[in-house]
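S.K.: Sharing a structure below in structure tokens format, with a few things to ask.
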Amino acid sequence: VERVVAELVERNGALPAAARNLADIARIKALAAELGVTSVTSVRNRLEVKPIALDAAQKGILGSRGGIYHEPDRKAVVPLEYGGSVTAQALGILDAILTGVQPASGTFQEDE
């Protein structure tokens, strides 16, 4: 995804908002695939990720974001910040779970 985005920027300059959003969705799908996730949805100001198997450290990261893990459903549910970019928050949450690193600020912000 990053190589394609870099090539598009090199050829055409800065991407318009719609293209950046499409690239973010592709990033979400790539991170989800690395975790074995088949569904990432935004429902009632919450991000639902399933199916996903989390170890204790990943559950801790999820909990630090106010999220919960439903073991029987293999589903993680994380509250989304009101007014924030859903795609940026989804990327941050998936990346934190995948890498095991919680951002120092505790929030996930969209790049400008």
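S.K.: I'm trying to understand the selection: among the residues of segment 65-90, which are of a type in the set (S, T, N, Q) and either out of contact with any helix residue (DSSP H, G or I) (no Cβ under 9 Å at 6 or more places or on another chain) or more than 27 Å from Asn21 (Cβ to Cβ) (or both)? Give the derivation first.
M.R.: Step one: list which residues in segment 65-90 are of a type in the set (S, T, N, Q), which gives 85, 87, 89.
Matches in segment 65-90: Gln89 only.
S.K.: For segment 43-61, which residues satisfy the criterion of being touching a residue at least 40 places away in the same chain (Cβ under 8 Å) and loosely packed, with under 13 Cβ neighbours inside 10 Å?
M.R.: Ala57 - this is the single residue of segment 43-61 that is touching a residue at least 40 places away in the same chain (Cβ under 8 Å) and loosely packed, with under 13 Cβ neighbours inside 10 Å.
S.K.: Just to verify a result, which residue in segment 85-112, among those that are farther than 17 Å from Ile68 by Cα and surrounded by fewer than 12 Cβ atoms within 10 Å (Cβ to Cβ), is modelled with the lowest pLDDT?
M.R.: Glu112
S.K.: So which pairs qualify, if the first residue must be in segment 1-18 and free of Cβ contacts under 8 Å to residues at least 40 places away in the same chain and closer than 22 Å to Ala32 by Cα, the second must be open to solvent by less than 60 Å² (accessible area, probe 1.4 Å) and of a type in the set (Lys, Arg), the Cβ gap must be under 7 Å, and the two must be at least 6 apart or on different chains?
M.R.: Val1/Arg27
S.K.: While we're here: Has segment 10-17 got any residue that is crowded, with 16+ Cβ neighbours inside 10 Å and either among the small types (Gly, Ala, Ser) or modelled with pLDDT under 90 (or both)? Full working, then the answer.
M.R.: Taking segment 10-17 and keeping what is crowded, with 16+ Cβ neighbours inside 10 Å, we get none.
Within segment 10-17 (the criterion being crowded, with 16+ Cβ neighbours inside 10 Å and either among the small types (Gly, Ala, Ser) or modelled with pLDDT under 90 (or both)), the answer is no, since none of the residues qualifies.
The values are calculated or read from the model by the stated rules, or taken from the named source; none is laboratory data. Since the model is a prediction, treat every value here as computed from it, not as a measurement. Neighbour counts run over all protein chains shown; Cβ positions are idealised from the backbone, glycine included. Areas reflect the complete protein model, heavy atoms only, side chains present, ligands, DNA and RNA absent. Shrake-Rupley method; radii C 1.70, N 1.55, O 1.52, S 1.80 Å.
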